[in-house]
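Engineer: First, the structure itself, so that you have it in front of you.
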Amino acid sequence: MRHGKAESGSGRPDHERALADRGLTQAQLVGEYLDAQNVQLSRVLVSDAVRTIQTWEATAAAMPGFDGEVSFHEEIYSGGAADVLALVHGVEADHPVVMVVGHEPTISTLTSLLAADDSEAGAVAQARIGMPTGAMAVLSGSLEGWRSLEEASLTLHTIVRP
């Protein structure tokens, strides 16, 4: 998931930019979507930037049953797709559903990288163009633990755009 729409910089360092009202609404809508789909997130990896933390908090607030593990990572803010993939590789195999909340272009690059040939063509095209603010890629597949996640190993079903 890409963070929701952020406020303009207005002199603050990029890492400290907060969400705009629209970004809070986007995150809440994604949470409502996940809750309505009965998605049971078990592990969430979040960038340590203010806007991604706020995105996760607003998303989680719309999922009253959430009881998974959440951690915050500077590498999601400053790194690229390979850094985020390395973080996912470190997730224990007993977590069946993982979410990453991060930034562009990393989220769209990682989504494109993971999408297998059987992915939905429109969703792949959107990922290649870039993820809009607040958007979430929905991927699935059979893995033997997160360490086995590699290029083209998941099916990209859709990009949810709040």
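Engineer: In nm, to one decimal, how far is the modelled label at Ser42 from the one at Ser153, with both set 7 Å along Cα→Cβ?
Structural biologist: Between Ser42 and Ser153, the label points sit 1.6 nm apart.
Engineer: If R0 is 41 Å, what FRET efficiency do you get for Glu144 and Glu32 from their C-beta distance, rounded to 0.05?
Structural biologist: Values: r = 33 Å, r/R0 = 0.79.
Working from the Cβ atoms, E equals 0.80.
Engineer: For region 19-117, which whole-number percentage of the solvent-accessible area (1.4 Å probe, protein heavy atoms only) is attributable to carbon and sulfur atoms?
Structural biologist: Working: 2250 of 4410 Å².
Within region 19-117, the accessible surface is 51 percent carbon and sulfur.
Engineer: Relative contact order for the chain using alpha-carbon pairs under 8 Å, separation at least 6, rounded to a whole percent? Can you show the working numbers first?
Structural biologist: Working: 325 pairs, mean separation 42.8, N = 162.
It comes to 26 percent, rounded to a whole number.
Engineer: 222 nm [θ] for the chain, helices only, -39500 (n - 2.57) per DSSP H run of 4+, per residue, to 500?
Structural biologist: Details: 6 runs with 60 residues, N = 162.
Only helices count here, giving -11000 deg cm²/dmol.
Engineer: OK, next. If Rh is defined by the Kirkwood formula over all Cα pairs and Rg also comes from Cα, what ratio Rg/Rh do you get for region 76-162?
Structural biologist: Values: Rg = 12.0 Å, Rh = 12.9 Å.
Radius of gyration over Kirkwood radius for region 76-162 works out to 0.93.
Engineer: Can you tell me the order of 125-132, 109-116 when each peptide is scored by its average per-residue count of other Cβ atoms within 10 angstrom, highest first? Show your work: numbers first, answer last.
Structural biologist: On the way: 125-132: 16.9, 109-116: 21.4.
For the peptides 125-132, 109-116, the packing ranking is 109-116, 125-132.
Engineer: Restricting to the chain, compute how many DSSP beta bridges are antiparallel as a %, nearest 5.
Structural biologist: Details: 6 of 17 bridges.
Beta bridges within the chain, antiparallel portion: roughly 35 percent.
Engineer: Taking the structure as given and computing Rg/Rh (Cα atoms, Kirkwood Rh), which label from (1) 1.06; (2) 0.94; (3) 1.08 fits?
Structural biologist: (2)
Engineer: Under the definition of Cα pairs under 8 Å and six or more residues apart, what whole-number percent is the relative contact order of region 33-97? Before the final figure, lay out each step's value.
Structural biologist: On the way: 59 pairs, mean separation 27.7, N = 65.
It comes to 43 percent, rounded to a whole number.
Engineer: Let me ask you something else. Dividing the Cα convex hull volume of region 33-82 by residue count, how many Å³ per residue is that? Please report the intermediate quantities before stating the final value.
Structural biologist: Details: hull volume 4.3 nm³, N = 50.
Spread over its residues, the Cα hull of region 33-82 gives 86 Å³ apiece.
Engineer: For the chain, give the magnitude of the charge dipole about the Cα centre (Cβ charges: +1 Lys/Arg, -1 Asp/Glu; no others), in debye to the nearest 20.
Structural biologist: Details: 10 positive and 22 negative charges, 114 e Å.
Here the size comes out at about 540 debye.
The values are calculated or read from the model by the stated rules, or taken from the named source; none is laboratory data. Computed from a prediction, not measured in an experiment: that's the story for all the values here. All Cβ positions, glycine included, derive from the backbone under ideal geometry; neighbour counts span all protein chains shown. For the accessible areas, the whole protein counts, side chains as well, though only heavy atoms, and no ligand, DNA or RNA atoms are used. Shrake-Rupley method; radii C 1.70, N 1.55, O 1.52, S 1.80 Å.
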